[in-house]
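> I have a structure I would like to understand better, so I am pasting it below and will then ask my questions one at a time.
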Amino acid sequence: MIDTRSFVTVDALIWGTNVADAPLESSAAAVSGARPSPVQRMRALATTHPAPVWIMALCNLIMWTGRGMVIPFTVIYFSQIVGLSASVVGTGIAISGLGGIAFVMAVAGQIDRRGGHPVLLACVGVIALATFAYPLATSVLPFLLVTLVLNFASQLYWPSSDATIASLSDANRVPEAMSILRVANAVGIGLGGLIGGVMVSGGGMDEYRLMFMVSALMVSCAALLVWRVIPSVILRSTSDDGEHGAWRDVLPDRTFMYSLAVLFVLVFGFTQMTMSVPAFLRREAGISEGTIGMLFTMNMLIVVMTQIPITARVNRGNLGRLLSIGALLWMVAFVCMLGTMEFGRLAAAAAFLSFTAGELIFMPSTAIIPIRLAPVHLRGRYFAALSIIWGGSFAIASFIAGIALDMPDSSVLWPVMAALMAIGAVGAYRLQRSPRLDAAAAVAKS
(Lines give C-alpha, C1' and ligand atoms only; values in the text may rest on other atoms or scores of the structure.)
Protein backbone atom coordinates (compact mmCIF):
# COMPACT_ATOMS: atom_id res chain seq x y z
CA MET A 1 0.00 0.00 0.00
CA ILE A 2 1.38 3.40 -0.96
CA ASP A 3 0.89 6.31 1.42
CA THR A 4 -1.24 8.91 -0.34
CA ARG A 5 0.42 11.68 1.64
CA SER A 6 3.42 11.20 -0.62
CA PHE A 7 1.54 13.15 -3.29
CA VAL A 8 0.68 16.22 -1.20
CA THR A 9 3.22 18.73 -2.54
CA VAL A 10 6.01 19.14 -5.02
CA ASP A 11 8.43 19.53 -2.14
CA ALA A 12 7.42 16.11 -0.86
CA LEU A 13 8.67 14.69 -4.15
CA ILE A 14 11.92 16.64 -3.83
CA TRP A 15 12.45 15.40 -0.31
CA GLY A 16 11.53 11.81 -1.10
CA THR A 17 9.55 11.74 2.18
CA ASN A 18 6.00 12.29 3.30
CA VAL A 19 5.27 15.84 4.40
CA ALA A 20 3.59 14.71 7.57
CA ASP A 21 6.63 12.66 8.55
CA ALA A 22 9.25 15.25 7.64
CA PRO A 23 10.93 17.50 10.21
CA LEU A 24 8.89 20.51 11.28
CA GLU A 25 10.91 23.07 9.31
CA SER A 26 10.67 21.01 6.13
CA SER A 27 6.93 20.43 6.58
CA ALA A 28 6.39 24.12 7.03
CA ALA A 29 8.38 24.83 3.90
CA ALA A 30 6.31 22.29 1.95
CA VAL A 31 2.99 23.72 3.14
CA SER A 32 3.99 27.35 2.56
CA GLY A 33 5.46 26.63 -0.86
CA ALA A 34 8.89 27.94 0.18
CA ARG A 35 11.80 26.05 -1.28
CA PRO A 36 13.93 24.53 1.50
CA SER A 37 17.58 25.44 1.69
CA PRO A 38 20.32 22.84 1.04
CA VAL A 39 21.11 22.79 4.76
CA GLN A 40 17.47 22.07 5.59
CA ARG A 41 17.38 19.31 2.99
CA MET A 42 20.47 17.63 4.39
CA ARG A 43 19.14 17.92 7.96
CA ALA A 44 15.80 16.46 6.95
CA LEU A 45 17.45 13.64 5.04
CA ALA A 46 19.70 12.82 7.99
CA THR A 47 16.75 12.54 10.38
CA THR A 48 14.49 10.64 7.99
CA HIS A 49 16.45 7.39 8.28
CA PRO A 50 17.83 5.68 11.40
CA ALA A 51 21.55 5.61 12.14
CA PRO A 52 22.09 1.98 10.99
CA VAL A 53 21.03 2.99 7.46
CA TRP A 54 23.82 5.59 7.36
CA ILE A 55 26.34 3.12 8.80
CA MET A 56 25.34 0.68 6.10
CA ALA A 57 25.89 3.44 3.54
CA LEU A 58 29.40 4.02 4.95
CA CYS A 59 30.17 0.30 4.60
CA ASN A 60 28.98 0.41 0.99
CA LEU A 61 31.09 3.49 0.30
CA ILE A 62 34.24 1.80 1.57
CA MET A 63 33.54 -1.51 -0.13
CA TRP A 64 32.64 -0.05 -3.51
CA THR A 65 35.58 2.30 -3.51
CA GLY A 66 37.69 -0.84 -3.33
CA ARG A 67 35.60 -2.71 -5.88
CA GLY A 68 35.44 0.35 -8.13
CA MET A 69 39.23 0.39 -8.34
CA VAL A 70 39.32 -2.95 -10.13
CA ILE A 71 35.98 -3.45 -11.92
CA PRO A 72 36.75 -1.18 -14.92
CA PHE A 73 40.25 -2.64 -15.29
CA THR A 74 39.69 -6.37 -14.70
CA VAL A 75 39.27 -7.24 -18.39
CA ILE A 76 42.18 -4.93 -19.27
CA TYR A 77 44.42 -6.62 -16.68
CA PHE A 78 43.77 -10.20 -17.67
CA SER A 79 43.52 -9.70 -21.44
CA GLN A 80 46.04 -6.91 -22.10
CA ILE A 81 48.50 -7.15 -19.17
CA VAL A 82 48.50 -10.84 -18.19
CA GLY A 83 47.98 -11.98 -21.77
CA LEU A 84 44.92 -14.23 -21.51
CA SER A 85 42.63 -13.95 -24.51
CA ALA A 86 39.55 -11.80 -24.10
CA SER A 87 37.47 -14.83 -25.07
CA VAL A 88 38.89 -16.82 -22.14
CA VAL A 89 38.27 -13.93 -19.76
CA GLY A 90 34.70 -13.49 -20.98
CA THR A 91 34.05 -17.23 -20.83
CA GLY A 92 35.40 -17.45 -17.28
CA ILE A 93 33.15 -14.66 -16.11
CA ALA A 94 30.21 -16.25 -17.93
CA ILE A 95 30.74 -19.70 -16.40
CA SER A 96 31.02 -18.28 -12.90
CA GLY A 97 27.96 -16.11 -13.41
CA LEU A 98 25.81 -18.98 -14.63
CA GLY A 99 27.08 -21.25 -11.85
CA GLY A 100 26.21 -18.54 -9.36
CA ILE A 101 22.54 -18.87 -10.31
CA ALA A 102 22.31 -22.35 -8.78
CA PHE A 103 24.34 -21.18 -5.79
CA VAL A 104 22.03 -18.23 -5.06
CA MET A 105 18.91 -20.36 -5.49
CA ALA A 106 20.31 -22.89 -3.02
CA VAL A 107 21.16 -20.43 -0.24
CA ALA A 108 18.61 -17.61 -0.76
CA GLY A 109 16.26 -19.22 1.75
CA GLN A 110 18.83 -18.53 4.48
CA ILE A 111 18.24 -14.79 3.98
CA ASP A 112 14.53 -15.23 4.74
CA ARG A 113 15.25 -17.52 7.70
CA ARG A 114 18.33 -15.89 9.29
CA GLY A 115 18.16 -12.33 7.98
CA GLY A 116 20.44 -10.56 5.54
CA HIS A 117 23.22 -9.62 7.97
CA PRO A 118 25.05 -12.96 8.46
CA VAL A 119 24.85 -13.75 4.75
CA LEU A 120 26.09 -10.24 3.90
CA LEU A 121 29.05 -10.60 6.25
CA ALA A 122 30.06 -13.91 4.65
CA CYS A 123 29.77 -12.43 1.15
CA VAL A 124 31.92 -9.37 1.86
CA GLY A 125 34.57 -11.51 3.58
CA VAL A 126 34.81 -13.89 0.62
CA ILE A 127 34.96 -10.96 -1.86
CA ALA A 128 37.92 -9.54 0.09
CA LEU A 129 39.79 -12.86 0.02
CA ALA A 130 39.10 -13.41 -3.68
CA THR A 131 40.31 -9.89 -4.51
CA PHE A 132 43.59 -10.62 -2.69
CA ALA A 133 44.03 -13.75 -4.80
CA TYR A 134 42.89 -12.30 -8.14
CA PRO A 135 46.11 -10.60 -9.32
CA LEU A 136 48.05 -13.83 -8.74
CA ALA A 137 45.69 -15.87 -10.92
CA THR A 138 47.71 -15.39 -14.10
CA SER A 139 46.98 -18.71 -15.80
CA VAL A 140 43.66 -20.06 -17.03
CA LEU A 141 42.79 -22.53 -14.24
CA PRO A 142 43.53 -20.21 -11.26
CA PHE A 143 41.74 -17.39 -13.06
CA LEU A 144 38.64 -19.53 -13.52
CA LEU A 145 38.71 -20.72 -9.90
CA VAL A 146 39.08 -17.27 -8.31
CA THR A 147 36.52 -15.78 -10.70
CA LEU A 148 34.08 -18.52 -9.71
CA VAL A 149 34.46 -17.77 -5.99
CA LEU A 150 34.33 -14.01 -6.49
CA ASN A 151 31.20 -14.06 -8.64
CA PHE A 152 29.38 -16.51 -6.38
CA ALA A 153 29.89 -14.14 -3.45
CA SER A 154 29.13 -11.07 -5.54
CA GLN A 155 25.80 -12.46 -6.72
CA LEU A 156 24.71 -13.35 -3.20
CA TYR A 157 25.88 -9.94 -1.94
CA TRP A 158 23.00 -8.07 -3.60
CA PRO A 159 20.01 -9.91 -2.09
CA SER A 160 21.69 -10.05 1.32
CA SER A 161 22.48 -6.33 1.16
CA ASP A 162 18.93 -5.48 0.03
CA ALA A 163 17.41 -7.63 2.78
CA THR A 164 19.70 -6.03 5.38
CA ILE A 165 18.79 -2.46 4.45
CA ALA A 166 15.10 -3.40 4.27
CA SER A 167 15.32 -4.68 7.85
CA LEU A 168 17.08 -1.52 9.08
CA SER A 169 14.85 1.14 7.48
CA ASP A 170 11.26 2.21 7.92
CA ALA A 171 8.96 -0.03 5.87
CA ASN A 172 7.52 2.95 3.96
CA ARG A 173 10.96 4.28 3.04
CA VAL A 174 12.84 1.19 1.89
CA PRO A 175 13.27 2.49 -1.71
CA GLU A 176 14.67 5.79 -0.43
CA ALA A 177 17.04 3.94 1.92
CA MET A 178 18.17 1.82 -1.00
CA SER A 179 18.80 4.99 -3.00
CA ILE A 180 21.17 6.14 -0.24
CA LEU A 181 23.08 2.89 -0.67
CA ARG A 182 23.01 3.46 -4.42
CA VAL A 183 24.59 6.88 -3.94
CA ALA A 184 27.23 5.33 -1.68
CA ASN A 185 27.88 2.67 -4.32
CA ALA A 186 28.17 5.29 -7.05
CA VAL A 187 30.53 7.45 -5.01
CA GLY A 188 32.66 4.42 -4.27
CA ILE A 189 32.76 3.20 -7.87
CA GLY A 190 33.53 6.71 -9.12
CA LEU A 191 36.29 7.35 -6.59
CA GLY A 192 37.60 3.83 -7.03
CA GLY A 193 37.68 4.17 -10.81
CA LEU A 194 39.57 7.44 -10.49
CA ILE A 195 42.06 6.05 -7.96
CA GLY A 196 42.52 2.82 -9.91
CA GLY A 197 43.03 4.72 -13.16
CA VAL A 198 45.70 6.92 -11.59
CA MET A 199 47.45 3.92 -10.04
CA VAL A 200 47.73 1.87 -13.24
CA SER A 201 47.86 4.55 -15.95
CA GLY A 202 50.89 3.81 -18.09
CA GLY A 203 51.94 1.03 -15.72
CA GLY A 204 52.32 -2.72 -15.95
CA MET A 205 51.98 -5.85 -13.85
CA ASP A 206 53.31 -4.38 -10.59
CA GLU A 207 50.99 -1.37 -10.67
CA TYR A 208 47.95 -3.52 -11.40
CA ARG A 209 48.81 -5.95 -8.60
CA LEU A 210 49.19 -3.08 -6.14
CA MET A 211 45.77 -1.82 -7.19
CA PHE A 212 44.20 -5.22 -6.45
CA MET A 213 45.89 -5.35 -3.03
CA VAL A 214 44.61 -1.91 -2.03
CA SER A 215 41.15 -2.88 -3.26
CA ALA A 216 41.17 -6.05 -1.14
CA LEU A 217 42.20 -4.09 1.96
CA MET A 218 39.30 -1.68 1.53
CA VAL A 219 36.79 -4.51 1.11
CA SER A 220 38.24 -6.10 4.26
CA CYS A 221 37.60 -2.86 6.16
CA ALA A 222 33.99 -2.94 4.98
CA ALA A 223 33.65 -6.55 6.19
CA LEU A 224 34.96 -5.49 9.61
CA LEU A 225 32.35 -2.74 9.85
CA VAL A 226 29.54 -5.09 8.86
CA TRP A 227 30.71 -7.54 11.53
CA ARG A 228 31.19 -5.09 14.39
CA VAL A 229 28.78 -2.21 13.74
CA ILE A 230 25.79 -3.18 11.54
CA PRO A 231 22.98 -4.67 13.68
CA SER A 232 21.41 -7.97 12.70
CA VAL A 233 17.63 -7.72 12.31
CA ILE A 234 15.47 -10.49 10.89
CA LEU A 235 12.36 -9.55 8.95
CA ARG A 236 9.20 -11.55 9.59
CA SER A 237 10.18 -14.82 7.93
CA THR A 238 6.86 -16.64 7.81
CA SER A 239 3.58 -16.03 6.04
CA ASP A 240 0.30 -15.34 7.84
CA ASP A 241 -0.34 -19.06 8.19
CA GLY A 242 3.07 -19.60 9.80
CA GLU A 243 4.68 -21.34 6.82
CA HIS A 244 8.12 -20.42 5.48
CA GLY A 245 8.11 -19.38 1.85
CA ALA A 246 9.64 -21.36 -0.99
CA TRP A 247 10.59 -20.78 -4.62
CA ARG A 248 7.26 -22.30 -5.70
CA ASP A 249 5.60 -19.26 -4.09
CA VAL A 250 7.61 -16.86 -6.27
CA LEU A 251 7.27 -18.45 -9.70
CA PRO A 252 3.47 -17.96 -10.11
CA ASP A 253 3.92 -14.17 -9.90
CA ARG A 254 3.60 -13.48 -13.63
CA THR A 255 4.19 -9.74 -13.30
CA PHE A 256 7.45 -10.36 -11.47
CA MET A 257 8.56 -13.04 -13.91
CA TYR A 258 7.91 -10.75 -16.89
CA SER A 259 9.73 -7.86 -15.21
CA LEU A 260 12.72 -10.15 -14.64
CA ALA A 261 12.78 -10.99 -18.35
CA VAL A 262 12.87 -7.27 -19.19
CA LEU A 263 15.60 -6.63 -16.64
CA PHE A 264 17.63 -9.54 -18.05
CA VAL A 265 17.77 -7.71 -21.38
CA LEU A 266 18.60 -4.35 -19.85
CA VAL A 267 21.38 -5.71 -17.62
CA PHE A 268 23.18 -6.56 -20.88
CA GLY A 269 23.55 -2.82 -21.39
CA PHE A 270 24.81 -2.16 -17.88
CA THR A 271 27.36 -4.97 -18.19
CA GLN A 272 28.82 -3.70 -21.46
CA MET A 273 29.26 -0.16 -20.14
CA THR A 274 31.06 -1.28 -17.00
CA MET A 275 33.07 -4.23 -18.37
CA SER A 276 33.54 -3.98 -22.14
CA VAL A 277 33.61 -0.23 -22.73
CA PRO A 278 36.84 0.42 -20.74
CA ALA A 279 38.77 -2.26 -22.64
CA PHE A 280 37.39 -1.03 -25.98
CA LEU A 281 38.22 2.61 -25.24
CA ARG A 282 41.79 1.77 -24.23
CA ARG A 283 42.60 -0.44 -27.22
CA GLU A 284 40.44 0.85 -30.07
CA ALA A 285 39.93 4.52 -29.21
CA GLY A 286 43.36 5.12 -27.64
CA ILE A 287 41.89 6.58 -24.43
CA SER A 288 44.08 6.18 -21.33
CA GLU A 289 43.11 4.48 -18.08
CA GLY A 290 43.24 7.87 -16.36
CA THR A 291 40.63 9.31 -18.70
CA ILE A 292 38.49 6.20 -18.34
CA GLY A 293 38.64 6.66 -14.57
CA MET A 294 37.58 10.30 -15.01
CA LEU A 295 34.55 9.20 -17.04
CA PHE A 296 33.46 6.93 -14.20
CA THR A 297 34.03 9.81 -11.77
CA MET A 298 31.75 12.02 -13.88
CA ASN A 299 29.15 9.27 -13.66
CA MET A 300 29.57 9.21 -9.89
CA LEU A 301 29.20 12.96 -9.43
CA ILE A 302 25.95 13.07 -11.41
CA VAL A 303 24.54 10.14 -9.46
CA VAL A 304 25.48 11.72 -6.12
CA MET A 305 23.79 15.02 -6.98
CA THR A 306 20.57 13.58 -8.43
CA GLN A 307 19.92 9.94 -7.44
CA ILE A 308 17.98 10.46 -4.19
CA PRO A 309 15.38 12.94 -5.54
CA ILE A 310 15.09 10.96 -8.78
CA THR A 311 14.50 7.79 -6.77
CA ALA A 312 11.64 9.56 -4.97
CA ARG A 313 10.07 10.38 -8.32
CA VAL A 314 10.63 6.89 -9.70
CA ASN A 315 9.04 5.43 -6.57
CA ARG A 316 5.93 7.47 -7.30
CA GLY A 317 5.77 6.80 -11.02
CA ASN A 318 4.90 4.10 -13.53
CA LEU A 319 7.91 1.80 -13.54
CA GLY A 320 7.20 0.35 -16.98
CA ARG A 321 7.18 3.75 -18.65
CA LEU A 322 10.27 4.89 -16.75
CA LEU A 323 12.26 1.73 -17.52
CA SER A 324 11.43 2.20 -21.19
CA ILE A 325 12.91 5.71 -21.10
CA GLY A 326 16.04 4.39 -19.38
CA ALA A 327 16.49 1.70 -22.04
CA LEU A 328 16.23 4.29 -24.83
CA LEU A 329 18.89 6.42 -23.15
CA TRP A 330 21.20 3.39 -23.08
CA MET A 331 20.48 2.80 -26.76
CA VAL A 332 21.73 6.34 -27.43
CA ALA A 333 24.84 5.61 -25.34
CA PHE A 334 25.77 2.63 -27.52
CA VAL A 335 25.20 4.65 -30.68
CA CYS A 336 27.66 7.21 -29.28
CA MET A 337 30.19 4.42 -28.68
CA LEU A 338 30.35 3.91 -32.45
CA GLY A 339 31.86 7.39 -32.75
CA THR A 340 34.64 6.97 -30.20
CA MET A 341 37.23 5.78 -32.71
CA GLU A 342 36.77 8.96 -34.74
CA PHE A 343 35.80 11.53 -32.10
CA GLY A 344 37.60 9.98 -29.12
CA ARG A 345 36.93 11.48 -25.72
CA LEU A 346 34.05 13.68 -26.92
CA ALA A 347 32.01 10.69 -28.09
CA ALA A 348 33.01 8.71 -24.99
CA ALA A 349 31.79 11.53 -22.72
CA ALA A 350 28.48 11.68 -24.63
CA ALA A 351 28.09 7.92 -24.23
CA PHE A 352 28.74 8.10 -20.48
CA LEU A 353 26.32 11.01 -20.02
CA SER A 354 23.51 9.18 -21.80
CA PHE A 355 24.32 5.99 -19.92
CA THR A 356 24.26 7.84 -16.59
CA ALA A 357 20.87 9.40 -17.36
CA GLY A 358 19.43 5.95 -18.03
CA GLU A 359 21.17 4.49 -14.98
CA LEU A 360 19.51 7.05 -12.69
CA ILE A 361 16.15 5.57 -13.72
CA PHE A 362 17.18 1.94 -14.07
CA MET A 363 18.90 1.34 -10.72
CA PRO A 364 16.08 2.49 -8.40
CA SER A 365 13.55 0.69 -10.59
CA THR A 366 15.33 -2.63 -10.07
CA ALA A 367 15.08 -2.16 -6.29
CA ILE A 368 11.47 -0.94 -6.28
CA ILE A 369 10.09 -3.80 -8.40
CA PRO A 370 10.66 -6.57 -5.80
CA ILE A 371 9.65 -4.24 -2.94
CA ARG A 372 6.28 -3.54 -4.57
CA LEU A 373 5.63 -7.11 -5.63
CA ALA A 374 7.07 -9.28 -2.84
CA PRO A 375 5.28 -10.38 0.33
CA VAL A 376 7.52 -9.59 3.31
CA HIS A 377 8.20 -13.24 4.11
CA LEU A 378 9.42 -13.79 0.52
CA ARG A 379 11.56 -10.69 0.09
CA GLY A 380 14.80 -12.64 0.38
CA ARG A 381 13.82 -14.90 -2.51
CA TYR A 382 12.48 -12.01 -4.60
CA PHE A 383 15.75 -10.14 -4.09
CA ALA A 384 17.62 -13.35 -4.85
CA ALA A 385 15.66 -13.83 -8.08
CA LEU A 386 16.69 -10.34 -9.10
CA SER A 387 20.31 -11.17 -8.29
CA ILE A 388 20.04 -14.33 -10.39
CA ILE A 389 18.85 -12.29 -13.35
CA TRP A 390 21.77 -9.89 -12.88
CA GLY A 391 24.23 -12.76 -12.62
CA GLY A 392 22.89 -14.67 -15.60
CA SER A 393 22.68 -11.62 -17.84
CA PHE A 394 26.10 -10.44 -16.69
CA ALA A 395 27.56 -13.85 -17.48
CA ILE A 396 26.15 -14.10 -20.99
CA ALA A 397 26.96 -10.47 -21.75
CA SER A 398 30.55 -10.99 -20.59
CA PHE A 399 30.91 -14.07 -22.79
CA ILE A 400 29.62 -12.19 -25.83
CA ALA A 401 31.83 -9.22 -25.02
CA GLY A 402 34.92 -11.42 -24.79
CA ILE A 403 34.25 -12.82 -28.24
CA ALA A 404 33.54 -9.35 -29.66
CA LEU A 405 36.71 -7.84 -28.18
CA ASP A 406 38.78 -10.56 -29.87
CA MET A 407 37.25 -9.79 -33.29
CA PRO A 408 39.18 -7.68 -35.83
CA ASP A 409 36.39 -5.09 -35.67
CA SER A 410 35.09 -5.15 -32.09
CA SER A 411 32.93 -2.07 -32.72
CA VAL A 412 30.30 -4.45 -34.15
CA LEU A 413 29.23 -4.92 -30.53
CA TRP A 414 27.69 -1.45 -30.26
CA PRO A 415 24.95 -1.55 -32.94
CA VAL A 416 23.96 -4.97 -31.62
CA MET A 417 23.67 -3.55 -28.11
CA ALA A 418 21.73 -0.52 -29.36
CA ALA A 419 19.21 -2.83 -31.04
CA LEU A 420 18.95 -4.94 -27.89
CA MET A 421 18.20 -1.86 -25.78
CA ALA A 422 15.45 -0.90 -28.23
CA ILE A 423 13.90 -4.35 -27.70
CA GLY A 424 14.23 -3.85 -23.93
CA ALA A 425 12.47 -0.49 -24.19
CA VAL A 426 9.49 -2.08 -25.95
CA GLY A 427 9.33 -4.86 -23.37
CA ALA A 428 9.55 -2.41 -20.48
CA TYR A 429 6.81 -0.23 -21.93
CA ARG A 430 4.37 -3.13 -21.68
CA LEU A 431 4.89 -3.16 -17.90
CA GLN A 432 3.03 0.14 -17.66
CA ARG A 433 -0.21 -1.85 -17.87
CA SER A 434 0.42 -3.47 -14.48
CA PRO A 435 -1.31 -1.56 -11.64
CA ARG A 436 1.06 -3.24 -9.16
CA LEU A 437 3.97 -1.31 -10.68
CA ASP A 438 2.13 2.01 -11.04
CA ALA A 439 2.16 4.12 -7.89
CA ALA A 440 -0.78 6.26 -9.04
CA ALA A 441 -2.91 3.18 -9.71
CA ALA A 442 -2.05 1.78 -6.28
CA VAL A 443 -3.10 5.03 -4.60
CA ALA A 444 -6.36 5.12 -6.55
CA LYS A 445 -7.09 1.55 -5.53
CA SER A 446 -6.47 2.37 -1.88
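The values are calculated or read from the model by the stated rules, or taken from the named source; none is laboratory data. Computed from a predicted structure; not experimentally measured. A quick note on method: Cβ atoms are made from the backbone with ideal geometry, for glycine too, and the neighbour counts reach across all protein chains shown. What goes into the accessible areas is simple: the full protein's heavy atoms, side chains included, and nothing from ligands, DNA or RNA. Shrake-Rupley method; radii C 1.70, N 1.55, O 1.52, S 1.80 Å.
> If I ignore ligands, DNA and RNA and count only protein heavy atoms, how much of Trp330 is accessible to a 1.4 Å probe, in Å² to the nearest 10?
0 Å²
> Where the centre of each part is set by its Cα atoms, how far does segment 153-212 sit from segment 250-293, in angstrom?
Here the answer is 16 Å between Cα centres.
> Nearest 20 debye, what's the magnitude of the dipole of segment 88-183 about its Cα centre given +1 on Lys and Arg Cβ and -1 on Asp and Glu Cβ?
Working: 4 positive and 4 negative charges, 20 e Å.
The calculated dipole for segment 88-183 is roughly 100 debye.
> Can you pull the Kirkwood radius for segment 277-430, inverse mean 1/r over Cα pairs, to one decimal in Å?
Working: mean 1/r = 0.0598 Å⁻¹.
Across segment 277-430, the inverse of the average 1/r is 16.7 Å.
> For Glu284, Glu289, give me the order by solvent-accessible area with a 1.4 Å probe, most accessible first, ignoring ligands, DNA and RNA.
Working: Glu284 60, Glu289 10 Å².
The ranking, largest first, comes out as Glu284, Glu289.
> A further question follows. Using the Cα centre of segment 287-392 as the reference point, and only Cβ charges (+1 on K/R, -1 on D/E), how large is the resulting charge dipole? Debye, rounded to the nearest 20. Write down the numbers at each step before the final one.
Numbers: 7 positive and 3 negative charges, 116 e Å.
The calculation lands at about 560 debye.
> For segment 349-446, what is the charge dipole size about the Cα centre, in debye to the nearest 20, if Lys and Arg each add +1 at the Cβ and Asp and Glu each add -1 at the Cβ?
Numbers: 7 positive and 4 negative charges, 145 e Å.
The calculation lands at about 700 debye.
> Calculate one ³J(HN,Hα) per residue across segment 214-230 by plugging θ = phi - 60° into the Karplus curve 6.51 cos²θ - 1.76 cosθ + 1.60, and present them in order as whole Hz with x for glycine and proline.
Once θ is set to phi - 60°, the couplings for segment 214-230 become 5, 4, 5, 5, 5, 5, 4, 4, 5, 4, 5, 5, 4, 5, 9, 10, 6 Hz.
> Taking 0.36 nm per intervening residue step and subtracting the Cα-Cα distance, what contour gain separates Ser411 from Glu342 on full extension? Kindly include the intermediate steps, with their values, before the conclusion.
Working: separation 69, 0.36 × 69 = 24.84 nm, distance 1.19 nm.
Taking 0.36 nm per residue and subtracting the Cα distance, the gain is 23.7 nm.
> Right, another one. Got a sec? Charge dipole of segment 283-373, +1 on Cβ for Lys and Arg, -1 for Asp and Glu; which of Val304, Gly326, Pro370 is way out at the positive end?
Checking the options against the dipole of segment 283-373, the answer is Pro370.
> Using a 1.4 angstrom probe on the protein heavy atoms only, could you order Ser201, Ser259 from most to least accessible area?
Details: Ser201 60, Ser259 0 Å².
Sorted descending by solvent-accessible area, the residues read Ser201, Ser259.
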